[in-house]
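To start, the structure under review is shown below, and the notes come after it.
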Amino acid sequence: MNKQKIFQLITQETKRQQNSLVMIASENYASSNVLKAMGTPLSNKYSEGYPGKRYYTGNQFIDEIETAAQALALKMFGLNDKNWHANVQPHSGSSANLAAYLGLLKPGDKILALDLGAGGHLTHGSPVNFSGQLFNFVHYSVNPRTGKFNYQEIARITKREKPKMIVCGATAYTQKINFKKFGAIAASVNALMLADIAHIAGLIIAKVHPSPFPYADVVTSTTHKTLRGPRSAFIICKKTLAKQIDRAIFPGLQGGPQNHITAAKAVCFQEALSAKFARDQKQTVKNAQTLAQTLIDQGLKLVAESTENHLVLIDCQNLNLSGKQGAELLAEAAIYTNANMIPFDPATPLNPSGIRIGTPALTTRGLKDKEMKQIGQWIAQILHNPADQKLRQQIKQKVFHLTKKFPLY
Ligand SMILES: *Cc1c(COP(=O)(O)O)cnc(C)c1O
């Protein structure tokens, strides 16, 4: 394949993002300035080490950029650099979690985290992931009746298991996380608390979700989900743990940082401090709640029957299809979601019973309650009429018209 063809495909993918409803809860649209920072010659530079302590010369400008990104990371959460430390070098949420585990624990140590089926991430102890292979993970789940955390039950499991670390954070949990309670539970057995806020970082910064600070010892996050930045991550930890975290990232796990991405993170963090960002995060939750109510009104069943954040989880068990079939039918109408496990899912991870739907990307584009009601009705129509291919084609046309009104870049 030649270079021209690659650029053609990039154009096609950009158009797909423009002409469809991106409702994958972990996706978003980075701003033009974030994209601009990524496509710069900063990518050419090697900067192994940290600002002021590099293994190569010529890092005078990179040092300033990385130092600015670190300061902005703390500022977003209202933290000072006397008690807290930011590492902005992790390449992804997964490597941030790996660094936190390897930096603060020893392989084989016990970690308590959310069950994968109930919304935990692969890096929270899945047997097919490094986390489950290197560490002794035990899991808590949600209350099977409510689909929500039962903190008394989590406290009981903690007392019984005495883990070295408790991980709180999720990829498919629709309720607010009570980090204060998790902090008290971790403290009751002298465990470290890791808050993985990959999905909800933007909501926390905008104060529409409680903050994990000061309860967590270490906080990991991606930068590309509700935070709306480049595809990357960061770690914030108590100052006392800074050396362990920094060493785990470099030289422990990574070589040179991706300086173009560090610059894009600094741009994204700056944007996250704006009033517009805070308004958008509030609207993201409002949109998810409007969508949830519309789906319920249309007879669909939601896990926990509500949402307090940016996503809803449809339980397809009473429909005549699996979550995977449902997500594929929606994709035919250019509504992109993903099949997802639901708590205590009787089906397999490859063909699970849920559909996860998020509002961050559409909110970034400017869609509001009116559009959410319309989209909720389309989703319900499609899921209630899986045999109706014509319906999906008609809705695809309507999606195209709707998205035209909300240009991307
Ligand atoms: C997305 C996510 C990650 C991993 O992020 P990647 O950048 O895809 O490696 C980790 N933890 C949680 C809770 C996530 O949602």
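The values are calculated or read from the model by the stated rules, or taken from the named source; none is laboratory data. In this text the structure is predicted, and so the values were computed from the model without any measurement. In this analysis, Cβ positions are derived from the backbone assuming ideal geometry, glycine residues included, and neighbour counts consider all displayed protein chains.
What about Gly52, is it under 25 Å from the mean Cα position of the chain (by Cα), at pLDDT 95 or above and surrounded by fewer than 12 Cβ atoms within 10 Å (Cβ to Cβ)? No: the conditions fail for Gly52. Within the stretch 62-93, the residues that satisfy the criterion of being more than 16 Å from the ligand (Cβ to nearest atom), within 19 Å of the chain's Cα centre (by Cα) and either in a loop (DSSP other than H, G, I, E, B) or over 15 Å from Gly229 (Cα atoms) (or both) are Leu74, Phe77, Ala86.
Restricting the first member to the stretch 9-28 and to residues that are at negative phi and at pLDDT 95 or above, and the second to residues that are assigned to a loop (DSSP other than H, G, I, E, B) and more than 16 Å from the ligand (Cβ to nearest atom), the beta-carbon pairs closer than 6 Å and six or more apart or on different chains are Gln18/Leu408; Ser20/Ala334. Entry remark, the stretch 20-49: residues being surrounded by fewer than 15 Cβ atoms within 10 Å (Cβ to Cβ) and within 27 Å of the chain's Cα centre (by Cα) number 7 in total.
Annotation: Ala331 fulfils all but one of (1) without any contact (Cβ under 8 Å) to a residue 12 or more places away in the chain; (2) among the aliphatic types (A, V, I, L, M); (3) under 22 Å from Lys75 (Cα atoms); the unmet one is (3). Go through the residues of the stretch 134-142 one by one and say whether even a single one is part of a helix (DSSP H, G or I), in contact (Cβ under 8 Å) with a residue 24 or more places away in the chain and in the same structural domain as Ala233 (by TED's automatic domain parsing). The answer is yes; a qualifying residue exists.
Just one of the listed residues (Lys282, Lys265, Lys324, Lys301) is within 30 Å of Ile62 (Cβ to Cβ), of a type outside the set (Val, Ile, Thr) and at pLDDT 95 or above, and it is Lys265. Within the set Ala113, Ala96, the sole residue that is in contact with a Pro (Cβ under 8 Å, 6 or more places away or on another chain) and either within 16 Å of the ligand (Cβ to nearest atom) or not assigned by TED's automatic domain parsing to the domain that holds Lys225 (or both) turns out to be Ala96. Number of residues in the stretch 265-285 that are under 19 Å from Arg231 (Cβ atoms), more than 18 Å from the chain's Cα centre (by Cα) and of a type in the set (A, V, I, L, M, F, W, C) equals 2.
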